[in-house]
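Notes follow the structure.
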Amino acid sequence: MSLSAILTEAYNFFRNHISQLAILTVPILFVQVGIQMWLGMEINSADLENPQFGASHMAAMIVLLLVFSVLIASLTLFMEVRSHGHEPSNAMILKTSLSFVPGLLLAGVFSGMAIIAPVMLFAAFGPLWLIGLVMSIYIFARLAYVNFMVVVERLTPLAAIKGSFKFSGPVAFKTLLLLMLYIPFSLIGGTLSSLAESVGLPLMLIVEVIVAFFGLFVNVALFRLYMVSRPNIDEQV
């Protein structure tokens, strides 16, 4: 299936289910974005010569990872069941998604380490950090389906990472193009946040949540690409 067809189907899915998606994800996004903004303010106000990272910051990071895992699990589960024609309630989706949180957390930690490793290693060699960055972006594209592997295929974290890497080979370029959609969302979000900053924190929070919600479209597009490319998965995992 062409990339334009995938984007069209993802757009139609997002548009047709926008109300239920909003009810399901926006409350979670408010918690996630709120924690991110607080951590950002803490970092900006920290003493650069003697930065302090206390228990409250560690707890916030842990909660942030948990909330993000719940968001991804709920969104993926919603897309899966709707793709099969079922109409579950949001309460049922949230309840079921909790069982996937531990696996998503571990998979996120392992895949995150794999993604950041090249740029961290090559950073020690000065200008070669650019090579590491390219490698990290490529690995990011190859591991873009880890969450789907955990939720849809019910794989363990390590098996999900292996499965995503093998599965994404034939669609790596399309995956990379879809991931690049995050760039305009980030630019728009940054611009709107700058404008909202002059009004106050509540408006900034609302703007950030709205941008994050529409940014979920990238996940929807990736899931559509995943579903149309999925028939050969049993041979690859």
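The values are calculated or read from the model by the stated rules, or taken from the named source; none is laboratory data. As the structure is a prediction and not an experimental result, all values here were calculated from the model. Cβ coordinates were reconstructed from backbone atoms using ideal geometry, including for glycine residues, and neighbour counts include every protein chain displayed. Heavy atoms of the whole protein, side chains included, go into the accessibility calculation; ligands, DNA and RNA do not. Shrake-Rupley method; radii C 1.70, N 1.55, O 1.52, S 1.80 Å.
Of the candidates Ser229, Ser198, the single residue that is open to solvent by less than 80 Å² (accessible area, probe 1.4 Å) and of a type in the set (Ser, Thr, Tyr) is Ser229.
Report, by residue number, each residue of segment 65-113 that is among the acidic types (Asp, Glu) and exposed (fewer than 15 other Cβ atoms within 10 Å of the Cβ). Scanning segment 65-113 gives a single hit, Glu87.
What do you reckon, is Leu133 touching a helix residue (DSSP H, G or I) at 6+ places or on another chain (Cβ under 9 Å), over 22 Å from Leu179 (Cα atoms) and either open to solvent by less than 80 Å² (accessible area, probe 1.4 Å) or in contact (Cβ under 8 Å) with a residue 40 or more places away in the chain (or both)?
The answer is no for Leu133.
Of the helices (runs of 4 or more DSSP H) lying entirely inside segment 137-179, those containing at least 3 residues that are over 14 Å from the mean Cα position of the chain (by Cα) span 157-167, 172-179.
Condition check ((1) part of a helix (DSSP H, G or I); (2) basic (Lys, Arg); (3) over 25 Å from Met149 (Cβ atoms)) across all residues:
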site: Gln20; (1), (2), (3): yes, no, no
site: Gly40; (1), (2), (3): yes, no, yes
site: His57; (1), (2), (3): yes, no, yes
site: Leu65; (1), (2), (3): yes, no, no
site: Leu71; (1), (2), (3): yes, no, no
site: Ser74; (1), (2), (3): yes, no, no
site: His86; (1), (2), (3): no, no, no
site: Ile93; (1), (2), (3): yes, no, no
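The set of residues in segment 215-237 being hydrophobic (A, V, I, L, M, F, W, C) and at pLDDT below 95 consists of Met227, Val228, Ile233, Val237. How about segment 136-186: which of its residues are open to solvent by 40 Å² or more (accessible area, probe 1.4 Å), under 27 Å from Phe213 (Cβ atoms) and either in contact with a helix residue (DSSP H, G or I) (Cβ under 7 Å, 6 or more places away or on another chain) or aliphatic (A, V, I, L, M) (or both)? Scanning segment 136-186 gives Ile137, Phe140, Asn147, Glu153, Lys174, Leu176, Leu177, Met180, Leu181, Tyr182, Ile183, Phe185.
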